[in-house]
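Some notes on the structure that comes next.
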Amino acid sequence: MAKRLKHFFKGKQKPISIEDKINAALSGDAQSNALDFVAFLRANRISFNSNGNGGEWSGWDVGGTVGNSIGYIIVNGAEEFPGPWTIWFNSCDFFGGADDELKEAAWAHASPCGKCKGWENCGGGARTIFGKEFDRLCHSPMIFMNPDAQTLEHAKKLLLMLK
């Protein structure tokens with residue numbers, strides 16, 4: 001058994017913190033904004049888990065769940081989608097408390113369903129975000145790709161509304 005486990009873990013890195021992953025994969029504003037977002041998650045006691053590693057980031061993974069399935073974050077430093085870092089929201093069921101600027105930000109980050117990976121029934125479909133109807137959104141209906149500081153503030157407000 002031990003020999004089999006040793007073979008399974010051969011070549012895999014030990015878990016690292018998400019901050020270490022961010023520092024390794026990102027630079028400049030992207031790094032600063034991603035670190036700010038993780039600090040926000042921790043300060044607001046919104047858990048971050050990467051494949052159940054209790055907040056540690058496994059070196060062979062690039063994503064993890066935010067909160068109790070509130071959303072998902074990926075950090076990979078890539079130039080193409082979904083890089084260099086992206087936040088998805090698994091819900092858009094907001095209840096009140098949003099000004100027009102926040103509503104506009106939410107609408108601007110609605111994520112159209114692309115039938116990813118050829119899934120015929122991916123869970124996407126018609127959704128409503130702050131009273132605005134969308135015909136076909138992803139099963140994760142909002143996406144924030146490489147958010148700048150202002151966009152990140154909107155994402156934080158929205159995340160707190162879902163917490």
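The values are calculated or read from the model by the stated rules, or taken from the named source; none is laboratory data. If you're wondering where the values come from, they're calculated on a predicted model, not measured in any experiment. For neighbour counting, all protein chains shown are included, and Cβ atoms are generated from backbone atoms with ideal geometry for every residue, glycine included.
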query = Consider Gly64 against the criteria (1) more than 16 Å from Leu152 (Cα to Cα); (2) surrounded by 18 or more Cβ atoms within 10 Å (Cβ to Cβ); (3) at pLDDT 90 or above: it satisfies all of them except one. Which criterion is unmet?
reply = (3)
task = Output yes when any residue across the range 93-107 is modelled with pLDDT under 85, within 25 Å of Gly131 (Cβ to Cβ) and surrounded by 17 or more Cβ atoms within 10 Å (Cβ to Cβ), and no when none is.
result = yes
